[in-house]
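First the structure, in the form of structure tokens, and then the observations on it.
The values are calculated or read from the model by the stated rules, or taken from the named source; none is laboratory data. Since the structure is predicted, the reported quantities are computational estimates derived from the model, not experimental observations. Cβ coordinates were reconstructed from backbone atoms using ideal geometry, including for glycine residues, and neighbour counts include every protein chain displayed. The protein model used for the area step is the full one, side chains on, heavy atoms only, and it has no ligands, DNA or RNA in it. Shrake-Rupley method; radii C 1.70, N 1.55, O 1.52, S 1.80 Å.
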Amino acid sequence: MDSINFEELLNQLETSIVSNGGKQVEVETGIDQCISLKNKAIIKNWLWDVPGFRRWRITRMDAGSKIQVLNSVAYPSYINDKPILGIDILWFGLKKKLVAVLDFQPLIQDENYFLNYYNGLKILKRNFHDLNSNRSFKIYDSNRYFSPWVIFYNGLIDDLSHSLPDVFEQFLNTYWQLEQYKINEYNKIDPNDVKKLQINYDIYSAEKDPAHGLFKSYFGIEWADDFVQTFLFPLSSIHQNK
Ligand code: BLA
């Protein structure tokens, strides 16, 4: 394998959303896409209205053999305390390096929460054992908004023995199958708290986002700042503790 077909991954994601009742909604002009003539790159963004979700965004960046990105975050409605779906797949063509992070991002690190929502991901993780790079992140805190079963690959694509589209397909199917109240002792998180936790997710993610420098160098600082604040993590500018 010498590259990853990002259009195929994007199609898989869109097909999966559509078959679960999702409809595309318009993204503000200027944010919907941005072209870097100097660096021969394009970034495109989409928003989906999906039953059971408050917000579902997708970003695809294509800078040829330099970098390819598929990034997506799905925030469930506040009445649903299930994990946030987090997808970050990057390919650095010159180094032939793949970074793939797929997770059901937990709102809280709690044993019962894990018992309720992570059975499927646990099984996937066991089946795809080589997508198990050492889970010590350099930028993010692996114990905050990441699960113990995060699917994480950081390495040469030649060394990846599983097909990424295959892993992705199973990962998405597993997320759709999340059911609530599987275990008796499970107490749902109050919607007000879900809201606070999702706000904190945006604050934390905007602060840590390793892509800001990348956006800045390709599309300029103004666009990058606006993009991170208004599209990637819009709740990051809302203050809490109320
Ligand atoms: C790593 N993600 C990265 C890196 C970049 C991005 C440039 C560093 C890769 C490297 O040099 O090794 C890129 N992040 C992006 C892009 C966007 C973004 C393009 O937000 C937005 C369009 N990141 C997420 C989500 C998850 C995530 C949803 O945005 C969860 C699945 C995880 N990205 C994640 C992790 C790393 C990473 C865990 C490794 C960084 C580390 O070691 O701490």
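Ile123 contributes about 80 Å² of solvent-accessible surface, heavy atoms of the protein only, 1.4 Å probe. Atom-type composition of the exposed protein surface of region 175-231 places 45 percent of the accessible area on carbon and sulfur (1.4 angstrom probe).
Toward the positive end of the charge dipole of region 76-161, with +1 on the Cβ of Lys and Arg and -1 on the Cβ of Asp and Glu, the farthest Cα among Ser142, Asn112, Pro83 is that of Ser142.
Note on the chain: GNM, Cα springs under 10 Å; of Leu178, Leu37, Leu98, the largest mean-square fluctuation is that of Leu37.
Take Arg126, Arg55 and sort them by solvent-accessible surface of the protein heavy atoms, 1.4 Å probe, largest at the top.
Arg126, Arg55
Think of a 1.4 Å ball rolled over the protein heavy atoms: region 23-110 then has 42 Å² of accessible area per residue. When the chain is treated as a Gaussian network with alpha carbon springs shorter than 10 Å, the biggest mean-square fluctuation among Leu85, Leu156, Leu232 belongs to Leu156. Distance between the modelled labels on Ile123 and Lys44, one decimal in nanometres: 3.5 nm (7 Å Cα→Cβ projection).
Charges were assigned to the Cβ only: +1 to each Lys and Arg, -1 to each Asp and Glu. The resulting dipole of the chain about its Cα centre is roughly 320 debye.
Nonpolar atom fraction for region 1-73, defined as the carbon and sulfur part of the 1.4 Å probe accessible area, stands at 49 percent. The relative contact order of region 6-240, computed from alpha carbon pairs under 8 Å that lie at least 6 residues apart in sequence, is 16 percent.
Highest GNM mean-square fluctuation among Asp88, Asp159, Asp103, for the chain modelled with Cα contacts below 10 Å: Asp159.
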